[in-house]
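What follows is a single structure, written as structure tokens, with notes after it.
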Amino acid sequence: AAGQAVELNSHEISSKRIIILLHEVTKLQYLESVRSDFVANVSHELKTPITSILGFVETLLSDPGIDSDSRMNFLQIVHRQSNRLKNIVEDLLSLSRLEQSGKHISLAPCDPQQIMRSAIDTTGHQAAQKGIKLTLSPSSDSVPIMANEALLEQALINLIENGIKYGTEGGWVRVEARLDDTYCIFSVQDNGPGIPAREKDRVFQRFYRIDKTRSRQQGGTGLGLSIVKHIALCHHGEASVTSTMGQGSTFSLKIPRGSMPD
Ligand code: ADP
């Protein structure tokens, strides 16, 4: 009877092992499918501008007598698509760097007001070009937080640029920061088209766009918000959005204030 019990136990152990092994295999299969989805997405995103560049360059090469207006038009398209390629590659590199550095980014005391001002300085020209009013809400307290200034500025730039890209002429984008005991909450609010409730989480996924054509026309890479999300995660914070269709969206970036060095 004792031998039987031992045998039973070893059966149990081996079936547990099999279950664990199957679990690991499923996890690996899942990771592999995420990876190959990602590679397929990247390839597709890169292929679109490359096909367009090749097509227009081939037309220019095959017809030396092409009129100067058409030539200029084709070169402008080639220029725009080359910029798109550059942006996609830059965004992919940012994402991969963020994933690699993970939670080990360097933090230093920085002033939220200053970060917002720099982000607004960088995007002011784009806003003016589209006739969008870009403002910084005044804040009474200027308390430093522990953060990575360059990354936070990048996150705010991405959010402001989206507000400008998807906003309409004569619209506005407002940037502000609030502090509570634990967090500094940055928000970027616009009066643009808004985001449907069912899309609110998806927009933070890589390459997800509500309207692909519109995003591409605006020079979007589909990676801006996933970079914002990763920057928040690297700070042990979070990124979220609230929105009312037809009225606008408010993107928030919640960052722990962190303990300040003495
Ligand atoms: P993209 O490069 O396409 O702008 P993002 O990751 O920055 O990529 O955004 C993902 C999608 O979320 C966009 O394609 C757009 O459909 C939607 N979106 C982002 N910001 C806004 C906004 N402020 N207003 C409306 N839609 C937005």
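The values are calculated or read from the model by the stated rules, or taken from the named source; none is laboratory data. Given the structure is predicted, the values throughout are model-derived calculations rather than measurements. Cβ coordinates were reconstructed from backbone atoms using ideal geometry, including for glycine residues, and neighbour counts include every protein chain displayed.
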By residue number, the members of the stretch 191-231 that are small (Gly, Ala, Ser) and touching a Ser or Thr at 6+ places or on another chain (Cβ under 9 Å) are 192, 194, 197, 215, 222
List the number of the failed condition for residue 146; all other conditions in (1) among the hydrophobic types (A, V, I, L, M, F, W, C); (2) within 16 Å of the ligand (Cβ to nearest atom); (3) not in a loop (DSSP other than H, G, I, E, B) hold. (2)
Within the stretch 193-223, the residues that are under 28 Å from residue 101 (Cα atoms) and in contact (Cβ under 8 Å) with a residue 40 or more places away in the chain are 200, 206, 207, 219, 220, 221, 222, 223
State which residue is nearest to the ligand (Cβ to nearest atom) when the search covers only the stretch 224-258 and only residues that are farther than 15 Å from residue 157 by Cβ and among the aliphatic types (A, V, I, L, M). 241
Checked pairs for the stretch 24-53, first surrounded by 10 or more Cβ atoms within 10 Å (Cβ to Cβ), second modelled with pLDDT of 85 or more and of a type in the set (S, T, N, Q), C-beta under 7 Å and 6 or more apart or across chains, list as 49/81; 52/81; 53/81; 53/82
Just to be sure I understand the filter: pairs with C-beta atoms under 6 Å, separated by 6 or more residues or on different chains, first member in the stretch 177-192 and closer than 17 Å to residue 240 by Cα, second member within 16 Å of the ligand (Cβ to nearest atom) and of a type in the set (S, T, N, Q). Which pairs pass? 185/252; 187/250; 187/252; 189/250; 190/249
For residues that are part of a helix (DSSP H, G or I), free of Cβ contacts under 8 Å to residues at least 40 places away in the same chain and among the acidic types (Asp, Glu), tally how many sit in the stretch 54-97. 3
Tell me yes or no: at least one residue of the stretch 194-202 is touching a strand residue (DSSP E or B) at 6+ places or on another chain (Cβ under 8 Å), of a type outside the set (D, E, K, R) and surrounded by 15 or more Cβ atoms within 10 Å (Cβ to Cβ). yes
Under 6 Å between Cβ atoms, which residue pairs at least 6 apart in sequence (or on different chains) link something in the stretch 224-249 that is in contact (Cβ under 8 Å) with a residue 40 or more places away in the chain and part of a helix (DSSP H, G or I) with a partner that is small (Gly, Ala, Ser) and crowded, with 20+ Cβ neighbours inside 10 Å? 228/155; 228/239; 231/155; 232/239
Looking at the stretch 98-120, which of its residues are under 21 Å from the mean Cα position of the chain (by Cα) and either loosely packed, with under 11 Cβ neighbours inside 10 Å or not in a helix (DSSP H, G or I) (or both)? 100, 102, 103, 104, 105, 106, 107
So which residues in the stretch 158-174 are away from the ligand (no atom under 11 Å from the Cβ) and not aromatic (Phe, Trp, Tyr), if there are any at all? 169, 170, 174
Search the stretch 202-223 for residues being part of a helix (DSSP H, G or I) and not β-branched (Val, Ile, Thr), and hand back the single one that is farthest from the ligand (Cβ to nearest atom). 217
Filtered residues of the stretch 177-201 (kept if more than 8 Å from the ligand (Cβ to nearest atom), of a type in the set (D, E, K, R) and not in a loop (DSSP other than H, G, I, E, B)): 178, 198
